[in-house]
1. Using a Cα-Cα cut-off of under 21 Å, which lysines could be cross-linked to K9, ignoring same-chain neighbours fewer than 8 residues away?
2. Could you work out which residue, out of A49, A13, A92, moves most in a Gaussian network model of the chain, that is, has the largest mean-square fluctuation with Cα springs under 10 Å?
3. Tell me, what is the 1.4 Å probe accessible area of E24, in Å² to the nearest 10?
4. Let me know the volume per residue of the alpha-carbon convex hull for the chain, in Å³.
5. With every protein chain left in place and a probe of 1.4 Å, what is the accessible surface of R159, to the nearest 10 Å²?
6. With every protein chain present, what is the per residue accessible area of region 10-191 (1.4 Å probe, Å²)?
7. Just the number, please: percent antiparallel of the DSSP beta bridges in the chain, rounded to the nearest 5.
8. How much length, in nm to one decimal, is gained on full extension between V160 and R104, taken as 0.36 nm per residue of separation minus their Cα-Cα distance?
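The values are calculated or read from the model by the stated rules, or taken from the named source; none is laboratory data. The shown structure was predicted, so the numbers you read here are calculated from the model rather than taken from an experiment. Note that each Cβ is placed from the backbone with ideal geometry, even for glycine, and that neighbours are counted across all protein chains shown. Remember, those area values only see protein heavy atoms, side chains included, never the ligands or the DNA or RNA. Shrake-Rupley method; radii C 1.70, N 1.55, O 1.52, S 1.80 Å.
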Amino acid sequence: MVKSVGLKKIRTAVFISGTGSNLENLVKFSLKKKSPIEIVLIISNNAKAKGLKYSKIYKIKKKIYNYNKNKIFETKTLIDLKSNGIKLICLAGFMKILSGDFIRKFKGKILNIHPSLLPKYKGLKTHERVIKNKEKYSGCTVHLVNSKLDSGRIVLQKRVKLSEKETPLSLQKKILKHEHILYPRAIDKIFANP
Ligand code: GRF
């Protein structure tokens, strides 16, 4: 008798600080049969992050480390990542900057999604700056994380046209819809099962 061998999914942690729409979107993606990832851990540096509700909804373990000191956050998080066998971290609206030390110590890949066409508009308040500079296009980028802010190798990008009456809020909403398509695609691009 031939046994069917289940695909082994990559154990993934998602780091959030806020709303968590990308988290929920990644969870839905991970539940698809062909998805290369399974999300087994949610980490937040903010106990009030709205996205933490998805831990209960989708029955995923969560850890909240609300420390000002990066060192404590990172030490505790690294222990969790190891004990949960995490091989991939997806940053999704995670507002803390991870140290070079953390990135070196984590033996896996770290991905981030950023709401601009990197290398343009690294950092915060991207939509405000894009509109102020009268850009015709903005977009979103999924990239690997290295020790320099928003500077790791780009995996995928989506360009979005600004309308004439664009506001930071309308642009944020417009780009967020594309983020939800782009992040799963980028994960598939790196890890897709045949
Ligand atoms: C997204 O725009 C993401 O690109 C940025 O932070 C936002 C998070 O949104 N890094 P959400 O919490 O996933 O809804």
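1. Output for K9: K28, K32, K33, K34, K59, K61, K62, K82, K87, K107, K109, K189.
2. Of A49, A13, A92, the most mobile in the Gaussian network model is A49.
3. For E24, the solvent-accessible surface is approximately 50 Å².
4. Values: hull volume 25.0 nm³, N = 194.
That works out to 129 Å³ per residue.
5. My reading of the accessible area for R159 is about 140 Å².
6. Numbers: 10090 Å² over 182 residues.
For region 10-191, the solvent-accessible area averages 55 Å² per residue.
7. Details: 11 of 30 bridges.
Antiparallel bridges make up about 35 percent of those DSSP assigns within the chain.
8. Values: separation 56, 0.36 × 56 = 20.16 nm, distance 3.36 nm.
Stretched out fully, the V160 to R104 stretch lengthens by 16.8 nm.
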